[in-house]
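To start, the structure itself, in structure tokens.
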Amino acid sequence: MEMIRKFADIDGSMLAKVGGKAANLGVLTRAGLPVPPGFCVTTEAYRRITADLGDVTDAALARKHIIDTPIPEDIARAVVSALPEGPVAVRSSATAEDLPYASFAGQQDTYLNVVGAEAVLDAVRRCWASLWTDRAVAYRDSNGIDHGSVRLAVVVQEMVQSATAGVLFTANPVTGRRRQAVIDAAPGLGESVVSGAVNPDHFTVDPDTGKILERRLGDKLLAVRSLPGGGVEHVTGGTNEPCLTDAQLRELGALGARVEALYGAPQDTEWAYDESGRLWLTQARPITTLFPLPGEQHDGLRVYFCFSVAQGVFRPFTPMGMAATRALSSGVSDLFGFPVAAPLAGAPAFAEAGGRLFVDVTGVLRSRVGRAIVPRVFDLMEARSARILRGLFDDPRLSVTNPSRRPFVRRLARIMTRYGVPITLLRALADPVAAERRVRVQADRHLAKLTPPPGATVAERIDHVATTLVKHTVPIAPQVMPVAAAALPMLLLASRLLKGRATPEELQVVLRGAPRNVTTEMDLALWTLAQRLRRDPEVAARLLSAPPEVLAREPLPAGVREFLDLYGHRAVAEIDLGLPRWSEDPTHVIGMIANYLRLEDPKLAPDALFAKGAAEAENMVEELAGRAGGLRGRLVRFALGRARELVGVRELPKFLIVRIFAALRAQLLDVGRDLAAQGLLAAPEDVFFVTLAEAKSGRDLRDLVAARRERHERELRRRHVPRVLLSDGTEPEAVASADVAEGALTGSPASPGQVTGVARVVLDPVGAHLEPGEILVCPSTDPGWTPLFLTASGLVMEMGGPNSHGAVVAREYGIPAVVGVPHATDRIRTGQTIIVNGTAGTVNESAEAAA
């Protein structure tokens, strides 16, 4: 029993003894599903074989040791005695395999149609050794799995001599749509389909109705078939006839539904029809690539918009960051006249999936006003999502049910009256400088009031944080945004006055080098600091030679602390309150200073580029005013001048809100210290892996934190996060991407001009190095990214619209930019020479590089 377990004696709790594949085969067998009989050689056998290896780190040495070590006689005897008559399949079953978050598909070896005891024992040994193939080691590394923690069992299973075989996903792995059976099939053994050696038939089936939704026939030029004496052969041929009947497709769809119901989650299965037409299930494992569904599932289709990604945050939120955002969403809901009964639970539209923040926008799509306004706002802020939402307008499941404009107009009027929006707009148009100064003074007074009483208890500090988030943070937006929003009517007025006399690209030039942008001011302050440090050769040499993470632990160079006093509340992914601010960890700031020190060409100096952009903008204002002439020209000059004076203020609301976040984070660190002193947390920083309510509960949170940190680490490795997600799992952009020509790289023009340069793909700005003149290719940006812009010659972003943060800063620095380019970080390689056309919104490989 220690060495051999039959499938019927295995259940899902035996992962450590039998590995993932065998555990699943045991579960399927015990559920009465048609699994070919077999047994498992347990991990105890592997442990004995590798006992002399110790903590091995050399994969090649481990493989050689296993291959060269004789199988102990008692293990060999147990295996041989359990063998059925006839050929078998011998398959690896690792303890880190077929897991909900890592499938390990194809990472270890499988041997088919194995005949005879000696051949079976040899295949078992080679399966053990395959735990140490280069591909398996690399896969464990990429998933953060400790090599020493993994063991390997081996499945020995009666061989199905299949006439047709393949794979079945119980959810669509491309579009994410749940309750769709997606089937790939080919004649012969399933190895040809699993390995990708054949172009199979492809079918999609609705398992609930049996309807065949898609039928795409492959050429099936290769088949893998068993040889009489053991082993397999590859047979060439091909046929245009489908290898499955409609009845078989419906049978497969029903089988997939049974497997999914058994596990309660979508499954990736392998199956085979033998020569008598009997269907067998040879494997099942979770589909690990599907993005989790947001929120509670409701009747009817729901549409979720990923707010995290729209803000340039692809990483998962910390639990405390998510809890803070939930509380903040209650404040937003209250602002619009929908008070929330349980503020810490968040607004009804708030949803979470995979540690990312989603917003239920179904009501927006079902409203005539929502359809008219929200996509237009997204055109400026997140054009890629705007296209996706418009693509849903024709879906009959999302027809307009709220045609009236009156409720929206009433709510908007209440907000504008409550916060004096019209007066703020008029004051901003009359005197932009005074308007901006006024809102900054108001914000400073507001921040001064948000301090808890001295000696506050844990409960009082948490209540203070919650109250601040729910009641005192959101009102900053309607108080400050009107100042920046006043730029929009000025641009519209100028556009009308210049109709037929100016292009959209020329109007974009007017916005370069705009004043009073707090993020631009921050970047230029950091550049000025770098130039001061350059004058000290010893300091500059140290900054250029030592890693930033090392320098961050040393005494900071002169001037850095002063910079952090002004901007230390900022951070990469700063809308997550749970992440350290620059004042806590200056690694990123030091890395950016080092990047600036590498810039030698004075023509590329950020302050020079900014001044150049501002001069080009002022010249363009005069040029356009001259084209209009007379009174019209004077109006154009006024309108464009006011737009330039006001547009930079758009960064101020977030800047002020992040200051509040930094103050609240400091309060929560005090809470963490108290809880750690009481033994309820292992370390003060662990407070950011619990929620506000949990921090106040008074219970031991250490195990909860450990589990959440592990889950958070897994989510950090997720590469793809959908911009828009339907409640049935469908990712609309993935459906639409099938219509996009292969190799096409198009997005939204964000900053005019064209540049040819070497691409640098950067997924995380912390520690990133960008050579002067390189083109930055990134998922999205927030202010933590923008110091990289100062040495970039161009910008390509997967997210964003013409008025998103990255686009605004790119225009100010005068670098061509294209935003909203799907899968840019996957399709562009570091070192590749590309052409970025910020006027047309295209990215192409240069002809020289292609040649």
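The values are calculated or read from the model by the stated rules, or taken from the named source; none is laboratory data. Just so it is clear, the model here is predicted, and its values are computed rather than measured. Here the Cβ is made from the backbone with ideal geometry for all residues, glycine too, and neighbour counts use every protein chain on show.
One table, with the values for the structure above:
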| read-out | value |
| --- | --- |
| Every residue from region 558-570 that is among the aliphatic types (A, V, I, L, M) and either modelled with pLDDT of 95 or more or not in a loop (DSSP other than H, G, I, E, B) (or both) | VAL560, LEU564, LEU566 |
| Out of LEU249, LEU255, LEU279, sole residue that is in the same structural domain as LYS211 (by TED's automatic domain parsing) and over 21 Å from ARG30 (Cα atoms) | LEU249 |
| Single residue of LEU652, LEU668, LEU680 found to be of a type in the set (A, V, I, L, M, F, W, C) and under 30 Å from ALA810 (Cα atoms) | LEU652 |
| Odd one out for ARG581 among (1) in contact with a His (Cβ under 6 Å, 6 or more places away or on another chain); (2) surrounded by fewer than 19 Cβ atoms within 10 Å (Cβ to Cβ) | (2) |
| Number of the exception - ALA323 against (1) touching a strand residue (DSSP E or B) at 6+ places or on another chain (Cβ under 6 Å); (2) under 23 Å from ALA695 (Cβ atoms); (3) at pLDDT 95 or above | (1) |
| Qualifying position, being hydrophobic (A, V, I, L, M, F, W, C), surrounded by fewer than 21 Cβ atoms within 10 Å (Cβ to Cβ) and in contact with a Lys or Arg (Cβ under 9 Å, 6 or more places away or on another chain), among ALA345, ALA341, ALA353 | ALA345 |
| Residues satisfying the stated conditions in region 179-232, i.e. buried (at least 20 other Cβ atoms within 10 Å of the Cβ) and among the basic types (Lys, Arg) | LYS220 |
| Any hit, region 574-581, residues being without any contact (Cβ under 8 Å) to a residue 12 or more places away in the chain, closer than 24 Å to PHE314 by Cβ and not in a helix (DSSP H, G or I) | yes |
| Residue, farthest from the chain's Cα centre (by Cα), within region 273-330, restricted to residues that are farther than 12 Å from PHE358 by Cα and among the hydroxyl-bearing types (Ser, Thr, Tyr) | SER276 |
| Options VAL377, VAL359: the member that is touching a residue at least 12 places away in the same chain (Cβ under 8 Å) and outside the structural domain of SER780 (by TED's automatic domain parsing) | VAL359 |
| Selected residue (criterion: farthest from PRO316 (Cα to Cα)) from residues of region 553-573 that are crowded, with 18+ Cβ neighbours inside 10 Å and of a type in the set (A, V, I, L, M) | VAL560 |
| Helices (runs of 4 or more DSSP H) fully within region 290-399 counting 2 or more residues that are in contact with a helix residue (DSSP H, G or I) (Cβ under 8 Å, 6 or more places away or on another chain) | 319-335, 362-365, 368-381, 383-390 |
| Whichever residue in region 761-778 is farther than 19 Å from ARG570 by Cβ and not hydrophobic (A, V, I, L, M, F, W, C) and, among such residues, is surrounded by the most Cβ atoms within 10 Å (Cβ to Cβ) | GLU774 |
| Positions within region 624-637 being touching a residue at least 60 places away in the same chain (Cβ under 8 Å) and within 45 Å of the chain's Cα centre (by Cα), in sequence order | LEU624, VAL636 |
| Residue that is of a type in the set (Ser, Thr, Tyr) and within 28 Å of LEU469 (Cβ to Cβ), where the choices are SER308, SER404, SER399 | SER308 |
| Matching residues, region 6-58, being crowded, with 21+ Cβ neighbours inside 10 Å and part of a strand (DSSP E or B) | GLY38, PHE39, CYS40, VAL41 |
| Flag if ARG637 is surrounded by 15 or more Cβ atoms within 10 Å (Cβ to Cβ), under 24 Å from GLN508 (Cα atoms) and in contact with a helix residue (DSSP H, G or I) (Cβ under 9 Å, 6 or more places away or on another chain) | yes |
| Enumeration of residues in region 365-378 that are in contact with a strand residue (DSSP E or B) (Cβ under 8 Å, 6 or more places away or on another chain) and closer than 22 Å to VAL809 by Cβ | none |
| Strands (runs of 3 or more DSSP E) (entirely within region 162-222) containing at least 2 residues that are of a type in the set (Gly, Ala, Ser) and more than 16 Å from ASP246 (Cα to Cα) | 162-171 |
| Scope region 245-266; condition in a loop (DSSP other than H, G, I, E, B) and more than 13 Å from VAL182 (Cβ to Cβ); matching residues | THR245, GLY264, ALA265 |
| Filter result for the condition that a residue is touching a helix residue (DSSP H, G or I) at 6+ places or on another chain (Cβ under 9 Å), within 29 Å of PRO87 (Cβ to Cβ) and not hydroxyl-bearing (Ser, Thr, Tyr), over LEU249, LEU227, LEU222 | LEU222 |
| Condition check for ARG438: of a type in the set (D, E, K, R), without any contact (Cβ under 8 Å) to a residue 24 or more places away in the chain and assigned to a helix (DSSP H, G or I) | yes |
